[in-house]
1. If only Cα atoms are counted, what is the Rg of the range B:109-170, and what is its Dmax, in Å?
2. Under the rule of at least 5 residues apart or a separate chain, name every residue whose amide H is placed under 5 Å from the amide H of B:N126.
3. Once every DSSP H run of n ≥ 4 in the protein assembly as shown is given -39500 (n - 2.57) and the sum is divided by its residues, what mean residue ellipticity at 222 nm do you get, rounded to the nearest 500 deg cm²/dmol?
4. In sequence order, what are the phi-derived ³J(HN,Hα) couplings for the range B:36-46 according to the Karplus relation 6.51 cos²θ - 1.76 cosθ + 1.60 with θ = phi - 60°, rounded to whole Hz, with x for glycine and proline?
5. Counting pairs on different chains as well as pairs 8 or more places apart, how many Lys pairs in chain B have Cα atoms under 20 Å apart?
6. Can you pull out the chymotrypsin sites (Phe, Trp or Tyr not before Pro) in the range B:87-170 whose DSSP state is coil and whose Cβ has at most 15 other Cβ atoms within 10 Å?
7. Pick out, in residue order, every one of the GluC sites (Glu not before Pro) in the range A:1-90 that is DSSP loop and has at most 10 other C-beta atoms within 10 Å; say none if there are none.
8. So for the range B:29-170, Kirkwood radius off the Cα pairs, Stokes-Einstein at 4 °C and 1.567 mPa s: how many µm² s⁻¹?
Amino acid sequence: MTVMRDQVVKALAKLEVKGNEDGLIPAFGVLVNQLPSSFWNMFAERMMEAVPRERKGEMESALVNCAYECGYHTGWGIINSEEFKAVVMPMVTEGAKDVLRGAYAVFTAWGWAKSGIVQIREAERMVVRAVDYYEMDSGGSGNRAYMIRGVSSAFFELAYADAYPDGMDTYTCTQTLGVECGDKFGEFVVEPKS
Amino acid sequence: MLKVDFTFDDKTYRHAMNGHESVLHCHHYMSLTTKLAEDFADVGGVRILREVAEDSIRPLLDSYHQTHRVPTGDERLEVGREYYSVMGLGEMEISGDETGGQVKLHHSHVDEGWIKKWGKHDRFVNHFSCGFAAAVFAAAFDRPARSYLAKEKASIVIGDEMTVIAVTQA
């Protein structure tokens with residue numbers, strides 16, 4: 001058996017995610033929030049609009065980095081959480097590859113993207129495709145999936161770079177296709193940083 | 001009591017809260033987003049964060065008030081307070097009228113998330129909740145966006161017992 005994404009997604013999506021008596025949602029080792037997806041898209045777009053042309057690249061990197069740092073620490077919390085151990089680990093038979101597949105299933109269950117890994121060359125390269133993701137609705141022109149890029153390189157580092165917390169800054173992710181650009185799916189390629 | 005219908009679309013795998021698409025994220029992402037806004041203060045990053053919070057929360061409040069026929073300002077402030085907790089943003093106490101009021105946060109995802117990530121800070125960082133508070137007041141009293149100014153007066157992140165936000169007419 002390997003990790004069955006749809007089975008994991010359905011199991012995790014059933015978990016009720018709602019504030020406790022303090023109005024907080026502690027889960028997966030982090031504090032979770034559930035906000036309108038328009039908040040994240042609108043923020044990214046207005047920040048991109050606010051900077052002059054010569055600083056667009058700087059802003060793009062900053063937006064990707066928010067998700068990257070988040071993905072690295074939260075990803076670690078996810079794969080070491082009780083929820084992950086209960087739902088995903090029983091299906092893991094292929095080591096790091098399967099843990100990575102499981103992390104993407106959680107990624108999907110959180111509503112980030114209906115995504116899956118289509119190619120893994122261990123520690124070298126990963127290709128992820130997403131047929132639906134909230135960032136495709138951002139309204140800007142060109143590839144807009146900053147969050148998926150950041151989280152994808154972080155997850156690959158958790159699987160194949162130096163052990164947490166020393167594996168950062170090892171891989172980078174490029175978006176090669178985007179639904180927001182008219183493609184059938186978004187495609188994300190993770191490779192070592194040159 | 002706020003009625004919340006959480007749904008998960010089996011086809012797109014997207015979440016929704018009372019019909020509004022939503023997504024789960026964590027305190028790392030919120031803290032880094034807040035810091036990004038501050039790092040780009042020269043292009044209005046903090047203002048943008050507050051306005052985006054106001055503009056993205058407002059539609060949820062307006063549609064709830066309409067769907068459930070919430071008639072009074074006080075009841076509408078209560079809807080905002082409950083939504084804040086349901087979204088995992090913390091525990092809010094809110095009071096006021098159409099001229100403004102006060103928001104107290106006994107717990108705050110933004111402040112406590114920042115502390116969890118980086119420790120205490122020397123200045124206010126809860127720009128998101130200021131935007132949220134502005135949206136709650138504007139929706140409660142049928143005012144357009146930017147009708148209210150929300151400003152932090154105390155904050156958990158700097159060591160105060162609670163975060164206090166004063167809301168005044170713009």
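1. My reading of the Cα-based Rg and Dmax gives 12.7, 38 Å.
2. none
3. So the helix-based figure for the protein assembly as shown works out to -14000 deg cm²/dmol.
4. Here the 3J(HN,Hα) series is 4, 4, 5, 4, 9, 4, 5, 10, x, x, 5 Hz.
5. 10
6. When the chymotrypsin sites (Phe, Trp or Tyr not before Pro) of the range B:87-170 are filtered for loop state and at most 15 Cβ neighbours within 10 Å, nothing remains.
7. Sparse-neighbourhood loop GluC sites (Glu not before Pro): A:E16, A:E21.
8. Details: Rh = 14.9 Å.
My calculation gives 87 µm²/s for D.
Each reported figure results from applying straightforward, stated rules to the coordinates on display, with no laboratory input. In this text the structure is predicted, and so the values were computed from the model without any measurement. Note that each Cβ is placed from the backbone with ideal geometry, even for glycine, and that neighbours are counted across all protein chains shown.
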